[in-house]
Amino acid sequence: MALSVRPASSSRHRTRRLRAALGSTATNSVGSALGYQIFFGNLYRKQLILEIGAQSETVGPTQKAIAAGIQYQQAFGQNWSGSSRSHRRSPQEGEGPLHGLRTELDFSF
């Protein structure tokens, strides 16, 4: 039985921190976003949000990005709510497409 060890700098297995779907830099860039929110279910305690956005640099080598996101949230009882968010961003120079998922359970008092 052989044991294989990969160096920590291996780009194939390197953990990447999940950044915002689109950059927040406003210098020399232009962008737009569109979203839709709907409430439904018994007493409107469920919520769905759909969003899409795009960003482009205006000077230098132009980098463009497109991102889409979806969020579902539901209330449980009086004080609990749960939500799940997902987003995907177009590939950037030197990296593949980014995608992420986040799930939360909140208690409000």
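The values are calculated or read from the model by the stated rules, or taken from the named source; none is laboratory data. Quick caveat: nothing in here was measured; it's all calculated off a predicted structure. Every residue, glycine as well, gets a Cβ built from its backbone with ideal geometry; the counts of neighbours run over all protein chains shown.
Values as computed for the structure displayed
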{"quantity": "Residue selected from segment 72-96 under the condition among the aromatic types (Phe, Trp, Tyr) and in contact with a Ser or Thr (Cβ under 9 Å, 6 or more places away or on another chain), by the criterion nearest to Ile38 (Cα to Cα)", "calculated": "Tyr72"}
{"quantity": "Residues of segment 55-67 satisfying the condition of being surrounded by 12 or more Cβ atoms within 10 Å (Cβ to Cβ) and either farther than 14 Å from Arg89 by Cβ or modelled with pLDDT of 90 or more (or both)", "calculated": "Glu57"}
{"quantity": "Subset of segment 52-79 [in contact with a Leu (Cβ under 7 Å, 6 or more places away or on another chain) and within 20 Å of Arg102 (Cβ to Cβ)]", "calculated": "Ile52, Gly53, Ala65, Ala67, Ile70, Tyr72"}
{"quantity": "Test: residue in segment 89-101 that is surrounded by 14 or more Cβ atoms within 10 Å (Cβ to Cβ) and either β-branched (Val, Ile, Thr) or more than 19 Å from the chain's Cα centre (by Cα) (or both)", "calculated": "no"}
{"quantity": "Any hit, segment 52-63, residues being without any contact (Cβ under 8 Å) to a residue 60 or more places away in the chain and in contact with an Asp or Glu (Cβ under 8 Å, 6 or more places away or on another chain)", "calculated": "yes"}
